[in-house]
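Just so you know, all these numbers are worked out from the coordinates, no wet-lab data involved. Worth saying up front: this structure is predicted, and the values here are computed from it rather than measured. Positions of Cβ are generated from backbone atoms using ideal geometry, with glycine treated the same way; all protein chains shown enter the neighbour counts.
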């Protein structure tokens, strides 16, 4: 299904949100049979594949890239600062209104508004990953950085379009299930881009040659680029969500006001003073995970774990616990309400970082690595499924892409900025102190979740 849109469009004036605003309780408790049945529906399965496409680029410009750069001899401080490439995710709200409203010549006419932007962003990611593969960071680091920035920009744009596609593809009661399915695909892709890339790089190394081998990483990143074709195929074979009528604007200024200003004004009108609490919670909910994550792979390298060991543990135990966490989080959110699971996820995310501090005292202990990665993936899966459902509950469907992009951008902006100093912090204080500090960062999150759970639903929402 495709849609035709004029050069300048505006949304409808409705200010109704897509679901209950506080997210504290579901409209009606679903039976367990209905809860699990929703995971077999076409929309849910489709979101699994699109979640894979969304999750693949992330580690390729963060964790996997940091492993590659550390093995290539790049120092930890530089690796930490290079994580600021991820700030592209934190500023995606800037161009989200364009993705929400602006048609792409030819593509939008053929595929529709959401799918055209999805396809364009996926092709950008593929091209940039190929560019990274063909560059050696030891000889020239900046080309790798520019290609990584292009991957991050394409990935952030894909997230904008995909979040809107997900919100518009199903009713309110199914959003938690779609979020869980999306997160499952997302996490599987992260494991493929993390453990899978390490495994491929290890297999591609020339036997008998010691030290860093650029050709192995080139092979790994080319395979990752090819893996993005799964998302391309899914977009081409998926239906476009039902087109929402967009009234034509009289001029460019009116279009810019409706596209850029109105989505943010709508949120502030609906929540008033409560918006400050909501935005504060969004800004720091994932701070423990994000700040810690940049130094995880350099930590594995410095602790003497091989690419094969990290890949095997992450691939086997990480997959199992990620799937379990995402589905448990989605099911619990549908059964008991989002806020209770949001609190559980916040506590588990901060606590799992303390396990990394403990792992640092164990030396080269593969069994301990299995335990820590399993616990970390389980807690992250639960937290992510609940958090996505919570963010979705805050959006007005008339501005779904822009408002969700604002929320998910805020989720990353402060954590990514702080993460840039993670390498410098580790150099100064060591890994154990660093992981403990990231756990402490999660304590204010518990307070904000508790306050948000007591927030009254705005009148007229």
Item to complete: Please give the FRET efficiency for residue 138 paired with residue 428, using the beta carbon to beta carbon distance and R0 = 25 Å, rounded to the nearest 0.05.
Response: 0.45
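I'd like the FRET efficiency for residue 78 and residue 229, computed as 1/(1 + (r/R0)^6) with the beta carbon distance as r and R0 of 30 Å, rounded to 0.05. Don't skip to the end; give the middle numbers.
Numbers: r = 32 Å, r/R0 = 1.08.
Efficiency computed from Cβ-Cβ geometry: 0.40.
Listing 271, 300 from the residue with the fewest other Cβ atoms within 10 Å to the one with the most, what is the order? Please report the intermediate quantities before stating the final value.
Working: 271 21, 300 24.
Ascending Cβ contact count within 10 Å gives the list 271, 300.
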Discussion item. Test of understanding: ordering 294, 373 by Cβ neighbours within 10 Å, fewest first, what list do you get?
Written reply: 373, 294
Discussion item. If I model a spin label at residue 236 and residue 335 as a point 7 Å from the Cα along the Cα→Cβ vector, what separation in nanometres do I get?
Written reply: 4.1
Worksheet item: Where does each of 119-125, 405-411 land if you order them by average Cβ count within 10 Å, highest first?
Response: 405-411, 119-125
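At a 10 Å Cβ-Cβ cut-off, how would you order 295, 321, 303, fewest neighbours first? Each step should come with its number before you reach the end.
Values: 295 27, 321 21, 303 16.
In increasing order of surrounding Cβ atoms, one gets 303, 321, 295.
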Practice prompt. Mind jotting down the distance between the C-alpha centroids of the range 401-461 and the range 145-171, whole Å?
Written response: 21
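Using the per-residue mean of other Cβ atoms lying within 10 Å as a proxy for protection, in what order, highest first, do the peptides 141-149, 191-199, 102-110 fall?
Working: 141-149: 18.2, 191-199: 24.2, 102-110: 14.7.
Ranked by mean Cβ neighbours within 10 Å, highest first: 191-199, 141-149, 102-110.
Taking the convex hull of the alpha carbon atoms in the range 17-453, what volume per residue do you get, in Å³?
Values: hull volume 58.8 nm³, N = 437.
Taking only Cα atoms, the range 17-453 has a hull volume of 135 Å³ per residue.
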Discussion item. If I stretch the segment between residue 98 and residue 302 completely, what's the gain in nm (0.36 nm per residue apart, minus their alpha carbon distance), one decimal?
Written reply: 69.1 nm
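Percent relative contact order of the range 17-453, based on C-alpha pairs within less than 8 angstrom and at least six residues apart? Kindly include the intermediate steps, with their values, before the conclusion.
Values: 751 pairs, mean separation 134.9, N = 437.
Result for the range 17-453 is 31 percent.
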Worksheet item: Taking the Cα-to-Cβ direction at residue 368 and at residue 212 and moving 7 Å from each Cα, how far apart do the two end points lie in nm?
Response: 2.8
